[in-house]
Every structure is written in C-alpha cells, then in structure tokens.
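Report on one structure; see the data block that follows.
The values are calculated or read from the model by the stated rules, or taken from the named source; none is laboratory data. Every value quoted in this text rests on a predicted model; they were computed, and no experiment measured them. As a convention, Cβ positions derive from the backbone with ideal geometry for all residues, glycine included, and neighbour counts pool all protein chains shown. Quick note on the areas: whole protein, heavy atoms, side chains included, nothing else; ligands and nucleic acids left out. Shrake-Rupley method; radii C 1.70, N 1.55, O 1.52, S 1.80 Å.
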Protein chains: 2
Amino acid sequence: MINLKLRRREIDFLLHDLLNVDAVCAHPRYAMHDRGVFDATLDVAIKVADEHFANHAAKVDAEEPHFDGERVHLIPEVKQGIDAYVAAGFMGTSFDIDDGGSQLPYAVAQGIAWVFAAANVGTAAYPFLTMAAANLIRAHGSDAQKARYLPPMIEGRWFGTMCLSEPQAGSSLGDIRTRAEATEHGWYSISGTKMWISGGEHELSENIIHLVLAKIPGGPAGSRGISLFIVPKRRINDDGSLGERNHVSLVGLNHKMGYRGTTNTLLNFGETGECRGWLIGEVNHGLACMFHMMNEARIGVGLNAAVLGHTAYLHSLDYALNRPQGRKPGERDPSSPQVMIAEHPDVRRMLLVQKAFSEGALSLCLYGAALVDRLAIAEADAERAELNLELEILTPIIKAWPAHYCLEANYWGLQILGGYGYTRDYPLERIYRDNRLNPIHEGTNGIQAGDLLGRKVMMHGGAAFKLLIARIAATIEAASTDPSLAEFSTALKAASARVTATTMALAAAGARGESDRMLANAWVYMELLGGLVIGWMWLRQMQCIAGMANPNEADLGYFEGKRQAARYYYRWELPKLERHAALLDSLDDTLLATSAAQL
Amino acid sequence: MINLKLRRREIDFLLHDLLNVDAVCAHPRYAMHDRGVFDATLDVAIKVADEHFANHAAKVDAEEPHFDGERVHLIPEVKQGIDAYVAAGFMGTSFDIDDGGSQLPYAVAQGIAWVFAAANVGTAAYPFLTMAAANLIRAHGSDAQKARYLPPMIEGRWFGTMCLSEPQAGSSLGDIRTRAEATEHGWYSISGTKMWISGGEHELSENIIHLVLAKIPGGPAGSRGISLFIVPKRRINDDGSLGERNHVSLVGLNHKMGYRGTTNTLLNFGETGECRGWLIGEVNHGLACMFHMMNEARIGVGLNAAVLGHTAYLHSLDYALNRPQGRKPGERDPSSPQVMIAEHPDVRRMLLVQKAFSEGALSLCLYGAALVDRLAIAEADAERAELNLELEILTPIIKAWPAHYCLEANYWGLQILGGYGYTRDYPLERIYRDNRLNPIHEGTNGIQAGDLLGRKVMMHGGAAFKLLIARIAATIEAASTDPSLAEFSTALKAASARVTATTMALAAAGARGESDRMLANAWVYMELLGGLVIGWMWLRQMQCIAGMANPNEADLGYFEGKRQAARYYYRWELPKLERHAALLDSLDDTLLATSAAQL
C-alpha cells in the first residue's frame, strides 16, 4: 500500500475469527462463495482503494467541488476513482447476481466499504449513496421500476441520492413541504426544495436518480402523508435511453467543514419546468420505505465513523513509534538519546483509547452487518423476529456510538502528533473534520438517543432490550468458564445488571406517566447502553482469542495489543457507566426545569 | 454590535460582581483607575473588536496567509484591524504608564483580550504575542534593552515572537540545537531552525523582535544550557532607526486546521548571513526566564479556549431560540406549530454543558488573572508566597482544562446547528477548528498534566495543593450558612475530601518509590483536580449571586440561567470525579504495561 493506511489483519480478525462470516456460505444464497473469494475481493478492493481513492483524499479536500452557476466541477481524480471502482465490480457487491451484483454477504460488503472509507470517505460516498438508493428501489419498487433503474445503477452509469431534508425540515420530516401532484400520465408533478442532498449534482454519471420524499396534496398531515418518488435528473425514454432534463435544478453547493469530496446540495424540483416523479411503494407509506433503508444506511454511517477512528489511530501509532521526544521520568542524563513518544504513558493512553473505541465500534458495526446477513437467510419466523428485534435496538447504537466516540478517538490521535497533527501536512486534521459529520447526518445522535430509549428499548414490553441482555448474558456465561477472561466477564455481568436495573426504573417512570422525565436524559442512556454493548464486543473479542486452539505465532503480539485495549476499556471506560446509571435513576430534571430564554 | 457575538453582562459579572477587580484601585499602582475607566475601556474594545476584528474573522480563515517565496501576504483587513487596535491604545494595556502602557490591572486586560478573542483569535494573536515578548523583555531585560525595545513594541511599530520549538524539539526543549556563539562585538551569532513560530513573518509591523532560546557551545547539556536572546528581524541602529536585515529567513508557512489568520512559521536563523542576537537575562537561565512568561501565556491560552467556548455557546443559543423544529413529545397533532429547538431537553443539555464549561472556565481564567494582580501589589512576603503557590498549581489547570473542555463545548454547539453547523456559513465549525489548537500549544495538555501532578501538587511537601484545598474549604464554609447553596456546598465538600484522599494516596505511592505508577495516569488527575476547581468556581458564582442585597430586576433571568448551569455542573459533571479518583487510587498500570509495538 502506498497511500492507504489500513490494517488488513483487523478486517480479517473481525470478519472471520470473530464473526465467522463464511458460515453463511453453507446457505444456497451464498454457496457460490467461500473464504477464498472474500479474501481475493478484499485484495482487489485494497489495491483499487490505494491507487484510485487514497491518492486524492487530501487533494479533493483542498480543492473542493465548485459550482460555476451552470456546472459542478470536481477534480478529475474523483471520476477516475469511481471508474476504477465500477470497473472492478464493487458497485453492486451485496446485490443479487440476477440484478448484476456480486451477491456478497452484507458483512463482507461492509468489509469492502471499510477499505474505501479508509482511503477516501468523500469519493466513497457516491457509490455508497447510489447503492442505498438502488437498495430502496430493490425493496419497494415495482418489477418495471427495478428493471429500469437497477441495472444502470449497479453498472455505475446512473448514480442515486436520498432526498429527505428541506431547509425548514431536518429532524422533523413530517414537516416537509415538497408536493407531488398526480397527473393523468401516471407520473406526479414534483415541486419543492430539498436541502443537504449529498451527491445531488455532479457529472460523474450519465444520470442521477433522486429518491424524494414528498406530500400528495389532500393527504394526512405530518409523517403519515409522506410518499416516496423516483425523480431522475434526466428523463428516461421507453427504450431506456436518456431524454431531456427533468427540471431538478441546483441552487448551490453547501461548503462544509469536511467530507468535502462529496457534493452536498440545495436542489429545486420543478422550478424551471415540470419535474416528473414516479411513486415508489404505496401512497403515504414513503417514510416507512425510507426508514427501512435508513437502517442499513445507519450501519454504514457507524462503520464510516469507526473506520475514520481506526485509520487515524494507525496514523498516530506510526507517528508515536517513530517520533523521538523526551526521556523516561527516571532518566536524568540530558545527553542520553530521546525515546520514541510511544514510551510515554500518556501517549499510550491516547493510543489505547483510540484502539478501544475504534475496534470496539468496528466489531459492533460488522456484528450488525452479520445480523443483516443472518436475517436474509433465516427461515424460521421466530429466528427472523429475534434478528429483527436485535437489529432494531442495536441500529441507533451502531449509528450514534461510533459517531461520537470515534470522533473523540480522532481528537486523541491528532493530539499525539502535536503541532504536526494540527497541520494539513498530516491527514489527522482532515479525518477529524470528515468524522465530525457523522454525529449529524442520517438522524442526529440526539434523534438516535430518543429513538433508542423512547422506542426501541420500550417497544413490545421491552422485548428487544431483554433479547439484547440475554445475548450479552450468553456471552458472559460462555466466557465465565475461562479464568483468563474473569476480569472481563465479571465486570460485564455487573454492568449488565446495573443497566438492566436502570432500564427497569426508567420503564417504571414511563408507566406511571413520567415519560418526560424518563426521556429527558436520553443521551445519557445512549452512553449507558452503548457503553455496555461495546464492553460486550470487547469480551467477545477476548473470548475469540482465548478460544483459538493454535494461534499463529505472528499474531501473538497483535492479540496482546487487543488484550491491553480490552483492559483499557474495562478499567477506564466501562466503570463510567455507573455514573450514567445513577444520573438516569435520579430522573434528574435539570434539563426540563431550565428555561432556555434565561441561558 | 454587528459582527461580534459577546455577552457584556458575563464579563462584568465575572470581573466586578465575582472578582471585584476594582479593589486593586485602592493601591497606588492602580489609583488612577476606577470602575468607570474599566467600563469605558471595555466599551471601546467592543467597538474596535466589532468593527475591525470580527469583520474579517471568516475571511482570513477562508483566505489564509500565503508566502510567495519572497513575501507573506495577508488580507488587508488584518493590518487595518491591528492599526485600529494600536490606535485605540490596546497594545500596552497592562504595561506601566512609564513604558507607554495603560497600567490596567491584568484581569481587566484579560477582559479586553476576551473581547478581541471573541471577535477574531487569528488577528488578536499578533498583539498577544507581541505583549508576551515585551513582557519578557520588561521582566528580564537590561535597562538599555528595555529602553530600546519596549517603546516601539508598545507603540505597535515592532511586533514580537517567542521562538522555543524546533522541528526535532517540541515538548523537549532541552534538546534544541540552535546555537549562539559569542562574538567580540557583544552580540552572539545565532544559527539554527525554529518551528511553530506564530507571527514569525508578516509585514504588519516595521520590525519583528524574536525572543529565541539557543545554546551557547560548551554549556551544560539539556535545559540547563539554554540561554535567551533578542533577535530582531531587522537590525537596529544606535539611534533606534532600522538597519539592514538580520538574516532571519522564512522557510515556509505551516498550513493549519484553524487559527489561520495567524502566520505560523518555520524560520532559519543565520543561514543567509550573520544573524545577531543579544543575550537577555543570564547565560544558561533562558528557560527559567521563558517559563516565567509562559505562565502568563498559559492563562492567555486558557482564556482564549474559554472565550471560544462561550462565543460558540452564544451562537448556538441564538440558533436554538430561533430555529423551529419538531414538537413536544406529548403533542400528537402534526399540524400544530413546531417549537423552537431550545424546547427539546437534549438541546438544553447541549446548551447547559457549553455554559457550564465555558463560564466555569472563564471564571477560572479571570480568577488566575486577578491573582496576578494581587501578587503585583502584595507586599508581605507570606502573602506573596501564598499567591505564588496558588498561581503555580492553578496555571496548568487554567491552561489545560478550558482547552479540553471548551473544545468539547464547541462540539455540542456545532451539534445544535446540525447540518448548518457543519457548513462554513455559520461560525461554529471555524471556532471548533480554531479551538483545536489550544490543547496543543504552550505546552500540550499532556505536558500540563505531568507538570500538575508530578511537580505542582507534590512540590514543597504538597504546600500548593494544601493551600488550594484550604481556599476551596473557605468558600465551602462561607457558603454552608446559606441553605440555598446547600446542594452545591455539600457536594463540593465531599468532592474536595475525595480529591484530597486520592492525592494523599498518590503522594504515598511516590514516597514508596512507585513514582512511575503515580505519574502514569496524570491526565486523569488533571480531570480530577480540574473538575474540582471548576466546581469551586461555580460555587463562588452561586455564592456571589446569593449574596447580592438588591439584585437588578433585569438580571434575575440571567442569574436563574447561571443557577441552572451550576446545577447541571453539580449533578452531571462533578459526580464523574468519583470515577477518576477510583482509577487513580488503583494506580492502574494498564498504560505502563502496554507495549506500543503490539498496538
């Protein structure tokens, strides 16, 4: 690897040693694959990402896209990178072979996404968004819509976007104003303005397929009156060739702190002429369709955040191992050679926190992806119901925890480099800026926290929560027979009991009508349950290593590093949950009792 | 105010209500001043900062300084701003009238610095650095040096820098390589390379006075062989007029994440010809001279971080009070009007954390500045010794705590604005980038933590620590008679006892030879003692408000907001100290036992 900073062993450890993703190959759906296929695909991904994505990550940040009033200009390397990506067949990794995809397990596809995100999140966003849009068409489109849109999208000729937000409606999608009026021709006439649309305009592809939330006049108010439409940038003739422009016009590009390679746009629909949209799914069921897809998008966001956390970790580790500065505390001879800064305990702390957060987060995101795979092949209703429940409760954590904590990891990574980290000569500050988006988009972290506590934990009488705790208990029980894991399994058992008690207390408050107080401190609950889940992921990693019959000699150091990261997490981070639990138990009303006008 | 975001009431509250800085006017040194002078000076500062600093904060970030190989180019507004600053007499606010300054108390000067930092930290850095350099000459220069350099610096004709770091020596100054060879002419011949020199080159002033750490060959190794030199960019003729260039050459500008208005340079001394330097202070005592000044510089860094925390807080508060989005949890009617986001508890949390951190930090920085003032007029040796001790132990906290926690505050401020906060249309992301420097420069936060625990807490048998705890106890005792403060005084008393016990345990570990384990987790100790000190500052603020005989009606809302911020701090943040204490008590060896090569 020339430009790309990546630890292949980590991907392999999580996908194969920990999650055993090859197991799905026993199922007919994945029978054409085996570990060799996965490895070879990853080899190619690393090569393409290194040569065609990582090569321009700094350049596209420095020379961000610009709009001259008529066209959007991107540095040519973006198009070259995307072309290489498409040519290597990565566009449809998890799509069915019948649709032109590779039909890889979703977890393996996320392993590939890891590689490209590590190389260049800005350029990687275009195919990421396109596949999210295609996935939505696959799940909810008619056969005719699938036939029309999926092949050119998976071939990389047409790209896609998700158009949800508007300038006045971000977190509150029920308040969107974009209208879709039925016409006698079967299409709808779309009018309105959409904000924050990533990939909303560019010349990387022949067409852009916008998936647009809009309201059909006369429907119910709020989110129950939202429908979903396919709105192509250029209309499509009956033979599939491209027709005239469909009056989706670019008002302007947003100029962002990071993630600059991805155009982010304000779009007008129907301002310059008729903008045609085609209903996808049922009338007034648009938000449900969109949220179905948002769940996978949220795994993608969590993974991106975790990858940025890990990539910056590797950069700062390199620096710490090679930068001489200072001496050990006991060394009194100023003419003695300086030590590498990795020798200083505080630098090790900054390395361990990054490793603990990012590898904990990566394992959680891939665990979630593996659940998606198991769901895809599960046949028994009970198994499907359980997998769905587990995904439901984990999804907001998978989105919000990595976004928050892996940005904190980036803070420490940059700090290790000192002044150098603050310059644009090193990638740390760029990664830190890129990662700052992740707590915001695809549902802010505050929205995720409310979803977690207010909906996912409480739904079906706490069924998802109970299932999650049972899963954690099963890991603890299996680990408790191994004395080498006692430190971890004992602590996790206590933490799990503590989280359960607090959750019951919150549920009781809700049941007696104090739902405002129950919900007010939802972010703390995200820290509580998220922290427990990451502890679980670290116990699983330790258990996996302890269970290896004949570990490879070359891996022993790597495994020892894992153990130190787990120790760090269990001694430094997990004990913080007690304070979160105590605050939640108190139903503290400081937030409720504050008048913001007095602040 | 047009461009500037500032709450004048907060400055007045801290300087006058809380710290009663006017009290120093009873001393002859400040007898020419009174509250009216301070207020009027602040009025002018706000006007100049608003019109001439805040006007170009975004522009100088977008159009950063560049070097064409011969000259450094800055947007013209920087020079215009500095000229207005100099014309209004702000260059020498805390310098003696005899030296051409205004002889204002240092705390008032910091109040003025607050205003300019809120407006534009990049432009404000030039006079800040110049005054730091002038202050060093004032403290350690000969009379001839003072006469030669101070007037043109205080008049704003010559600017100054501090040249400490080198590419291979940042935190470890003992390893600098810049040489100073004595000549027969009285000056030294300087040769070497200095890195990270802010304001190291520009055309804002007629001359630049570099204060340079260098080694005289043959001296002791390490930091005991460092001397300090005055190295002007242009030589000065005997009549004070400017002579030829002194061979300080700009290698290049560093391109930074933020703070872009301030040039940051790599400088070569003596590469293109003889570079003359004049010894200041005694041979081999350069580091001591420099550190004396660094202490005030560290208060300045802490203040900058706190100001950026508060400015972003005010921006996000404005947004939260004016952005309609979503509804209250109980509102089921989607056609009801949206509420302002400040109504959502999680947004209030993000406001309160910013307010608690930034106003706690601001009060600490100004408290430190007021100690400097009291020291300047203290006559009794015992009082001076106590003030010195208190300043010694507080200085690393004043630098590191605001730098760390007010950056976290910025994270939450940006988050309130969601996608808008991530764009360059709002100042949040710029402030967040600017503030990221503060944990790094003037001694990294890791260096501060080591200084705090390893030196300041332990020195003189723990004298500084004991004094600090006694100061805190005095506040608690005074507050304990007021039932309205019971929540705070009770909690702070328990926290102070906990911190003391942990400190004793650490001291005992050091005494029995376990100093590696004692020091390994120094950053946690910074969080522990820093968190206690901020709690103390909040109790002092509450006590101040509770003690007001006839509070102004118009202030009641503001005071209630203060109380909610104090409550937030005491219920949400202060209890976290228990976990820090427990970790430190355990002398956890995770960091020591980790081999970084395995990470």
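The lone criterion from (1) without any contact (Cβ under 8 Å) to a residue 24 or more places away in the chain; (2) open to solvent by 80 Å² or more (accessible area, probe 1.4 Å); (3) over 21 Å from residue B:125 (Cβ atoms) left unmet by residue B:32 is number (1). With respect to being on the phi > 0 side of the Ramachandran plot and open to solvent by 40 Å² or more (accessible area, probe 1.4 Å), residue B:89 falls outside the description. For region A:261-284, which residues satisfy the criterion of being under 28 Å from the mean Cα position of the chain (by Cα), crowded, with 21+ Cβ neighbours inside 10 Å and within 30 Å of residue A:75 (Cβ to Cβ)? Residues satisfying the conditions are A:261, A:262, A:263, A:264, A:265, A:267. Scanning region A:317-342 for residues that are more than 34 Å from the chain's Cα centre (by Cα), over 16 Å from residue B:519 (Cα atoms) and surrounded by 12 or more Cβ atoms within 10 Å (Cβ to Cβ), we see that the one that is nearest to the other protein chains (Cβ to nearest Cβ) is A:334. Filtering region B:65-83 to residues that are under 22 Å from residue B:5 (Cβ atoms) and open to solvent by 20 Å² or more (accessible area, probe 1.4 Å) leaves B:77, B:80.
Taking the criterion of being assigned to a helix (DSSP H, G or I), out of contact with any Asp or Glu (no Cβ under 8 Å at 6 or more places or on another chain) and touching a residue at least 24 places away in the same chain (Cβ under 8 Å), would at least one residue in region A:379-386 satisfy it?
Yes, region A:379-386 contains a residue that is assigned to a helix (DSSP H, G or I), out of contact with any Asp or Glu (no Cβ under 8 Å at 6 or more places or on another chain) and touching a residue at least 24 places away in the same chain (Cβ under 8 Å).
Candidates B:307, B:353: the one that is out of contact with any Gly (no Cβ under 6 Å at 6 or more places or on another chain), more than 7 Å from chain A (Cβ to nearest Cβ), open to solvent by less than 10 Å² (accessible area, probe 1.4 Å) and within 21 Å of residue A:444 (Cα to Cα) is B:353. Against the numbered list (1) farther than 20 Å from residue B:156 by Cα; (2) in contact (Cβ under 8 Å) with a residue 40 or more places away in the chain; (3) touching a Phe, Trp or Tyr at 6+ places or on another chain (Cβ under 9 Å), residue B:22 comes up short only at (2).
One residue alone among A:566, A:597 is open to solvent by 10 Å² or more (accessible area, probe 1.4 Å) and of a type in the set (Gly, Ala, Ser), and that residue is A:597. Which of (1) more than 8 Å from chain B (Cβ to nearest Cβ); (2) touching a helix residue (DSSP H, G or I) at 6+ places or on another chain (Cβ under 7 Å); (3) buried (at least 24 other Cβ atoms within 10 Å of the Cβ); (4) of a type outside the set (Phe, Trp, Tyr) is the odd one out, the single condition residue A:348 does not satisfy? Residue A:348 satisfies all of (1) more than 8 Å from chain B (Cβ to nearest Cβ); (2) touching a helix residue (DSSP H, G or I) at 6+ places or on another chain (Cβ under 7 Å); (3) buried (at least 24 other Cβ atoms within 10 Å of the Cβ); (4) of a type outside the set (Phe, Trp, Tyr) except (1). So in region B:218-232, with the set limited to residues that are in contact with a Gly (Cβ under 9 Å, 6 or more places away or on another chain) and open to solvent by 10 Å² or more (accessible area, probe 1.4 Å), which one is nearest to the other protein chains (Cβ to nearest Cβ)? Among residues in region B:218-232 that are in contact with a Gly (Cβ under 9 Å, 6 or more places away or on another chain) and open to solvent by 10 Å² or more (accessible area, probe 1.4 Å), the one nearest to the other protein chains (Cβ to nearest Cβ) is B:221. Look at residue A:378 and say whether it is at pLDDT 95 or above, open to solvent by 20 Å² or more (accessible area, probe 1.4 Å) and more than 14 Å from chain B (Cβ to nearest Cβ). No; evaluated as a whole, the condition is false for this residue.
Go over the candidates B:539, B:529 one by one and state the one that is more than 14 Å from every other protein chain (Cβ to nearest Cβ), closer than 19 Å to residue B:445 by Cβ, open to solvent by less than 50 Å² (accessible area, probe 1.4 Å) and at pLDDT 95 or above. The match here is B:529. Among what's in region B:420-438 and is within 7 Å of another protein chain (Cβ to nearest Cβ) and in contact (Cβ under 8 Å) with a residue 40 or more places away in the chain, pick the residue that is surrounded by the fewest Cβ atoms within 10 Å (Cβ to Cβ). The residue in question is B:424. Counting only residues that are within 19 Å of residue A:533 (Cα to Cα), small (Gly, Ala, Ser) and touching a residue at least 24 places away in the same chain (Cβ under 8 Å), region A:554-599 holds 3 of them.
The residue of region B:589-599 that is farthest from the other protein chains (Cβ to nearest Cβ), among those that are touching a Gly at 6+ places or on another chain (Cβ under 9 Å) and hydroxyl-bearing (Ser, Thr, Tyr), is B:595. Within region B:563-588, being among the acidic types (Asp, Glu) and more than 9 Å from chain A (Cβ to nearest Cβ) holds for B:573, B:585.
With respect to being part of a helix (DSSP H, G or I) and more than 14 Å from chain A (Cβ to nearest Cβ), residue B:491 falls outside the description.
Among the helices (runs of 4 or more DSSP H) confined to region B:1-90, the ones with at least 1 residues that are touching a helix residue (DSSP H, G or I) at 6+ places or on another chain (Cβ under 8 Å) and closer than 18 Å to residue B:308 by Cα are located at B:8-12, B:35-48, B:57-62.
Inside region B:542-562, residues that are open to solvent by 50 Å² or more (accessible area, probe 1.4 Å) and either at the interface with chain A (Cβ under 10 Å from one of its Cβ atoms) or touching a Lys or Arg at 6+ places or on another chain (Cβ under 7 Å) (or both) make up a count of 2.
Residues that are closer than 29 Å to residue A:83 by Cβ and touching a residue at least 12 places away in the same chain (Cβ under 8 Å): does region A:213-229 have at least one? Scanning region A:213-229 turns up no residue that is closer than 29 Å to residue A:83 by Cβ and touching a residue at least 12 places away in the same chain (Cβ under 8 Å). Number of residues in region B:324-348 that are in contact (Cβ under 8 Å) with a residue 60 or more places away in the chain and out of contact with any Lys or Arg (no Cβ under 8 Å at 6 or more places or on another chain): the value is 1. The lone criterion from (1) surrounded by 22 or more Cβ atoms within 10 Å (Cβ to Cβ); (2) in a helix (DSSP H, G or I); (3) not polar (S, T, N, Q) left unmet by residue B:469 is number (1). Among the conditions (1) open to solvent by 20 Å² or more (accessible area, probe 1.4 Å); (2) at pLDDT 95 or above, residue B:367 misses just one, which is (1).
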